[in-house]
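Visitor: Dropping a structure here in structure tokens format, bear with me for questions.
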There are 2 protein chains.
Amino acid sequence: MTHPFDEALQLQRLDEHTLQGQTSPVYDNMVGPFGGILAATMLHALQQETQSQGEPVSVNVNYAGPVAATPFEIRTQCLRSNRSTTHAQAQLIQDGQVAVYASAVFARRHETWTAQEQARPEVPAAAQCPRQRLDVGPRWLGAYDMRFIEGELKLDGQPREDTSSLLWVRDEPPRALDFAALLAMSDIFFPRSFIRQQQLGIAGTIALSTHFHATAETLARTGSQHLLARARGQGFRRGYFDQSAQLWNADGELLASSLQSVYYKG
Amino acid sequence: MTHPFDEALQLQRLDEHTLQGQTSPVYDNMVGPFGGILAATMLHALQQETQSQGEPVSVNVNYAGPVAATPFEIRTQCLRSNRSTTHAQAQLIQDGQVAVYASAVFARRHETWTAQEQARPEVPAAAQCPRQRLDVGPRWLGAYDMRFIEGELKLDGQPREDTSSLLWVRDEPPRALDFAALLAMSDIFFPRSFIRQQQLGIAGTIALSTHFHATAETLARTGSQHLLARARGQGFRRGYFDQSAQLWNADGELLASSLQSVYYKG
């Protein structure tokens, strides 16, 4: 049986640089699909364009318009490639309009000294934290097992001064981690504006940039275990806020960091 | 007299979507120009493509290859535009190859509630901090007035556990802040790998994403005062590290936040 994540990422080749796909209802958000699944789909397309030319290090995804539940095309282009890095970009086109566009840098990584400054926060193991069960909310929430430690969306209307959230997360059902899934999880967080106000408003990501600290080896070692995910808004002003995030595996290895720009209202 | 920053950003129009420019020796780095001036040049080109369709909110710049001291072309394209946002991208092409490419989201911002979670660190005023004078180093350093509070590049070969740097910075000579200058300053930091090892190595940014909290009003209020800039590496692994940064004005307003992906060796 194909995992719902892989099913959502299925793309059909139309020509050398064009793929066709369609959103999966499993990842439906309030309007259109969960941004993380679109990011993963863009990376999946870029990985096909640049096949076996290294691992993704940096991915940028911009959201320019809604994506409907009808087929879309993704056009990919390799911009530059040498022995160590490959740069590529992609556009998701629906009804003749660019809805999502992305770029990625792939690298053949080399041995260097290693250091980690963002230590994984000390928290109880995932097995000791109860899984969040939301009776309401968009369908994509069911595609993840989320276990909040702090910064839940309580919707009690009591504004919070600090929008930090910390949670364990993995695919539901479990699935061995790969770069596409890790990218999707870097977008797993509720909008920081909702957390700040503790009420639902309008919000939509316009840009997501994710840096992968994980290599293929780290991913293999991590497998289908829960990741610890942390996000925080740094500033909210005149319709846009940013969100800084980090993801670690249970062993404390930093797997990814990201910065988002998000539209908000209310 | 034209400010060296504006001189470096001068572009000649070749056709509706193509501009021609050339690097300025004032911003020379070890190899090629300072990445921040290239980012500013890309934003300047994108602002011309999307003129009067809002202020930049999110900019992503990727560095794919070296830029030589010969003329280059920048090709710009508007991807999508509606009443509130405009998405555009650009490529800097030299010798038939893409050397830098960028995307930006511009928005007509609206009134909302406002909040700032990243408070400006409490530090002595810029006037009370001595200006850093480097006898060696690339020429672009002379284009900025930098006053370090912590995390200097001492080159004493004593590795540090924490790569946080904090400094006051402004253009030298002073210049009223605009989005292009703010973007350049979000790339002002020495590579975190140099700070970590306290020795020179090889490093080069492959991706820079900057979120603007500043609006045109904030910029006007800030003028040519020093900005407080902070950067920190979160993880260094197999040839790539990331860098998270924030910039505030003297009044404590968060102006920009950014995430970089950087290649390193040694």
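Visitor: Quick one: is residue A:111 surrounded by fewer than 12 Cβ atoms within 10 Å (Cβ to Cβ), charged (D, E, K, R) and under 30 Å from residue B:101 (Cβ atoms)? Walk me through how you get there before you give the answer.
Guide: Details: surrounded by fewer than 12 Cβ atoms within 10 Å (Cβ to Cβ): yes; charged (D, E, K, R): yes; under 30 Å from residue B:101 (Cβ atoms): yes.
When the stated conditions are applied, residue A:111 passes them.
Visitor: I've got another one for you. Looking at (1) in contact with a strand residue (DSSP E or B) (Cβ under 7 Å, 6 or more places away or on another chain); (2) part of a loop (DSSP other than H, G, I, E, B); (3) within 20 Å of residue A:136 (Cα to Cα), which one does residue A:157 not meet, given that it meets all the others?
Guide: If we test residue A:157 against (1) in contact with a strand residue (DSSP E or B) (Cβ under 7 Å, 6 or more places away or on another chain); (2) part of a loop (DSSP other than H, G, I, E, B); (3) within 20 Å of residue A:136 (Cα to Cα), just (1) comes out false.
Visitor: Then there's this: Has region A:160-170 got at least one residue that is in a loop (DSSP other than H, G, I, E, B), touching a Gly at 6+ places or on another chain (Cβ under 7 Å) and among the hydroxyl-bearing types (Ser, Thr, Tyr)?
Guide: Going residue by residue through region A:160-170, those that are in a loop (DSSP other than H, G, I, E, B) are A:160-164.
Filter again for touching a Gly at 6+ places or on another chain (Cβ under 7 Å), leaving A:163-164.
Subset that is among the hydroxyl-bearing types (Ser, Thr, Tyr): A:163-164.
Within region A:160-170, one or more residues are in a loop (DSSP other than H, G, I, E, B), touching a Gly at 6+ places or on another chain (Cβ under 7 Å) and among the hydroxyl-bearing types (Ser, Thr, Tyr).
Visitor: Within region A:45-65, which residues are within 14 Å of residue A:89 (Cβ to Cβ) and either over 15 Å from the mean Cα position of the chain (by Cα) or of a type in the set (A, V, I, L, M) (or both)?
Guide: The first filter runs over region A:45-65 and keeps only residues within 14 Å of residue A:89 (Cβ to Cβ), leaving A:45-50, A:56, A:58-62, A:64.
If the condition is that a residue be within 14 Å of residue A:89 (Cβ to Cβ) and either over 15 Å from the mean Cα position of the chain (by Cα) or of a type in the set (A, V, I, L, M) (or both), then A:45, A:46, A:47, A:48, A:49, A:50, A:59, A:61, A:64 are the ones that fit.
Visitor: Those residues that are crowded, with 19+ Cβ neighbours inside 10 Å and assigned to a helix (DSSP H, G or I), I need them from region A:26-37; list them, please.
Guide: A:27, A:35, A:36, A:37
Visitor: Sticking with this structure for a sec: Mind listing whichever residues of region B:50-71 are away from chain A (no Cβ under 14 Å) and at pLDDT 95 or above? If you could, list the steps in order and put the result at the bottom.
Guide: Within region B:50-71, the first condition is being away from chain A (no Cβ under 14 Å), and the residues that meet it are B:51-52, B:68-71.
Within region B:50-71, B:68, B:69, B:70, B:71 meet the criteria.
Visitor: Of all residues in region A:166-176, how many are buried (at least 24 other Cβ atoms within 10 Å of the Cβ) and either over 18 Å from residue A:142 (Cα atoms) or out of contact with any His (no Cβ under 7 Å at 6 or more places or on another chain) (or both)? Walk me through how you get there before you give the answer.
Guide: First, the residues of region A:166-176 that are buried (at least 24 other Cβ atoms within 10 Å of the Cβ): A:167-168.
Adding the requirement that they be either over 18 Å from residue A:142 (Cα atoms) or out of contact with any His (no Cβ under 7 Å at 6 or more places or on another chain) (or both) leaves A:167.
Going through region A:166-176 one residue at a time, the tally reaches 1.
Visitor: So, in region B:47-70, of the ones that are in contact with a helix residue (DSSP H, G or I) (Cβ under 9 Å, 6 or more places away or on another chain) and part of a strand (DSSP E or B), which residue ends up nearest to residue A:86 (Cα to Cα)? Explain how you work it out, then say what you get.
Guide: Looking only at region B:47-70, we keep the residues that are in contact with a helix residue (DSSP H, G or I) (Cβ under 9 Å, 6 or more places away or on another chain), and these are B:47, B:55-56, B:59, B:61, B:63, B:67, B:69.
Filter once more, keeping what is part of a strand (DSSP E or B): B:55-56, B:59, B:61, B:63.
Values: B:55: 31, B:56: 27, B:59: 21, B:61: 15, B:63: 11 Å.
So the residue we want is B:63.
Visitor: Restricting attention to region B:72-95, which residues are among the charged types (D, E, K, R) and at pLDDT below 95?
Guide: Within region B:72-95, B:83 is the sole residue that qualifies.
Visitor: Something else about it: In the set B:2, B:18, B:23, which member is under 18 Å from residue B:95 (Cα atoms), β-branched (Val, Ile, Thr) and surrounded by fewer than 22 Cβ atoms within 10 Å (Cβ to Cβ)? Can you show your working first?
Guide: Numbers: B:2 fails: under 18 Å from residue B:95 (Cα atoms); B:23 fails: surrounded by fewer than 22 Cβ atoms within 10 Å (Cβ to Cβ).
Testing whether each residue is under 18 Å from residue B:95 (Cα atoms), β-branched (Val, Ile, Thr) and surrounded by fewer than 22 Cβ atoms within 10 Å (Cβ to Cβ) leaves just B:18.
Visitor: Output the number of residues of region B:71-109 satisfying the condition of being outside any strand (DSSP E or B) and under 19 Å from residue A:87 (Cα atoms).
Guide: Keep residues of region B:71-109 that are outside any strand (DSSP E or B), which gives B:71, B:82-84, B:95-96, B:108-109.
Cutting the leftovers down to under 19 Å from residue A:87 (Cα atoms) gives us B:95-96.
Residues flagged as outside any strand (DSSP E or B) and under 19 Å from residue A:87 (Cα atoms) within region B:71-109 amount to 2.
Visitor: Of all residues in region A:42-74 being in contact with a Phe, Trp or Tyr (Cβ under 9 Å, 6 or more places away or on another chain) and among the β-branched types (Val, Ile, Thr), which is surrounded by the fewest Cβ atoms within 10 Å (Cβ to Cβ)?
Guide: The extreme case among them is A:50.
Visitor: Quickly run through region B:115-156 and pick out the residues that are within 14 Å of another protein chain (Cβ to nearest Cβ) and either basic (Lys, Arg) or surrounded by 12 or more Cβ atoms within 10 Å (Cβ to Cβ) (or both). Give the steps one after another, and end with the answer.
Guide: Taking region B:115-156 first, the residues within 14 Å of another protein chain (Cβ to nearest Cβ) are B:115-121, B:151.
Once the filter is applied, which keeps residues that are within 14 Å of another protein chain (Cβ to nearest Cβ) and either basic (Lys, Arg) or surrounded by 12 or more Cβ atoms within 10 Å (Cβ to Cβ) (or both), region B:115-156 yields B:115, B:116, B:117, B:118, B:120, B:121, B:151.
Visitor: Residue B:86 - would you say it is of a type in the set (S, T, N, Q), under 25 Å from residue B:60 (Cβ atoms), touching a strand residue (DSSP E or B) at 6+ places or on another chain (Cβ under 7 Å) and crowded, with 23+ Cβ neighbours inside 10 Å?
Guide: Numbers: of a type in the set (S, T, N, Q): yes; under 25 Å from residue B:60 (Cβ atoms): yes; touching a strand residue (DSSP E or B) at 6+ places or on another chain (Cβ under 7 Å): yes; crowded, with 23+ Cβ neighbours inside 10 Å: yes.
Considered against the rule, which asks whether it is of a type in the set (S, T, N, Q), under 25 Å from residue B:60 (Cβ atoms), touching a strand residue (DSSP E or B) at 6+ places or on another chain (Cβ under 7 Å) and crowded, with 23+ Cβ neighbours inside 10 Å, residue B:86 comes out as yes.
Visitor: Filter region A:208-247 for residues that are part of a strand (DSSP E or B) and small (Gly, Ala, Ser); which is surrounded by the most Cβ atoms within 10 Å (Cβ to Cβ)?
Guide: Within region A:208-247, the first condition is being part of a strand (DSSP E or B), and the residues that meet it are A:208-212, A:227-237, A:240-247.
Subsequent filtering for residues that are small (Gly, Ala, Ser) retains A:209, A:229, A:231, A:233, A:235, A:244-245.
Numbers: A:209: 28, A:229: 22, A:231: 25, A:233: 26, A:235: 24, A:244: 24, A:245: 23.
Selected residue: A:209.
Visitor: Still on this structure, please answer the following. Only one of (1) of a type in the set (Gly, Ala, Ser); (2) more than 9 Å from chain B (Cβ to nearest Cβ); (3) under 14 Å from residue A:164 (Cβ atoms) fails for residue A:233. Which number is that?
Guide: (2)
The values are calculated or read from the model by the stated rules, or taken from the named source; none is laboratory data. No experiment lies behind these values; they were computed from the predicted model shown. Positions of Cβ are generated from backbone atoms using ideal geometry, with glycine treated the same way; all protein chains shown enter the neighbour counts.
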